[in-house]
């Protein structure tokens, strides 16, 4: 609890200074479409209704820079997805991914990047996907005409104004190859009225059989909560794991760190 409180306090102070999320403070918000092929064609089921049934979903995508460093510097890049109605009407799914490697070790480590399409984005920590722990990753498809897209927000905006970006979502567990989950098409950035863009929290917006594991759950939840509270000037509320009397963050609007 003491470590969680320190993490909460650090994230809260950063968010208050910035008047923005503690991490990934500024981003580019776009509309997207996610196509889930399902497993009806004979592929092994995932054990998750959202992934095993074919469907098309509206997605709100936020591209961001983790530390908010100047545009000329490499930064860990974030790709946040709000999949609307993934678990049924009014039950979204949030996925937060960070630029990373793709190997057994590299997929767990943030990787600062200058080129937004140069490599994968991963959840870094494992998700429970059906009956196994797996990392979820997004692999951008560069396309024949795109040699490089700089990772600053202005360059990303120009690239998306020019043409959509396609991203392949995959998952892999220890000793498994990457296996496709869905295809995301990210469209032109849009202005969203203040207060209407989603803030993201994978602990509040998971699905049965598809949610982050408990590994480092308390620390991550404390960081998300501290960031929300920093922007709202609210004091410390201890993290209580879901199923023990309180859903983490239920007293707040769901938020990104």
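The values are calculated or read from the model by the stated rules, or taken from the named source; none is laboratory data. On a predicted model such as this, the values are computed, not experimentally measured, just so you know. Cβ coordinates were reconstructed from backbone atoms using ideal geometry, including for glycine residues, and neighbour counts include every protein chain displayed.
Things worth noting here:
- Conditions (1) within 20 Å of residue 160 (Cα to Cα); (2) surrounded by 13 or more Cβ atoms within 10 Å (Cβ to Cβ); number of the one not met by residue 13: (1)
- Qualifying residue in the stretch 53-67 (condition: part of a loop (DSSP other than H, G, I, E, B) and on the phi > 0 side of the Ramachandran plot): no
- Count of the stretch 191-213 residues, restricted to those that are in a loop (DSSP other than H, G, I, E, B), modelled with pLDDT of 75 or more and within 19 Å of the chain's Cα centre (by Cα), is 11.
- Among the residues making up the stretch 22-47, those that are outside any strand (DSSP E or B) and buried (at least 21 other Cβ atoms within 10 Å of the Cβ) are 22, 23, 24, 46.
- Any hit, the stretch 61-73, residues being farther than 19 Å from residue 137 by Cβ, surrounded by fewer than 17 Cβ atoms within 10 Å (Cβ to Cβ) and either modelled with pLDDT of 95 or more or touching a helix residue (DSSP H, G or I) at 6+ places or on another chain (Cβ under 6 Å) (or both): no
- Checking residue 141 against (1) under 25 Å from residue 89 (Cα atoms); (2) at pLDDT 85 or above, the condition it does not meet: (1)
- One residue alone among 117, 51 is at pLDDT 95 or above and closer than 17 Å to residue 167 by Cβ, and that residue is 51.
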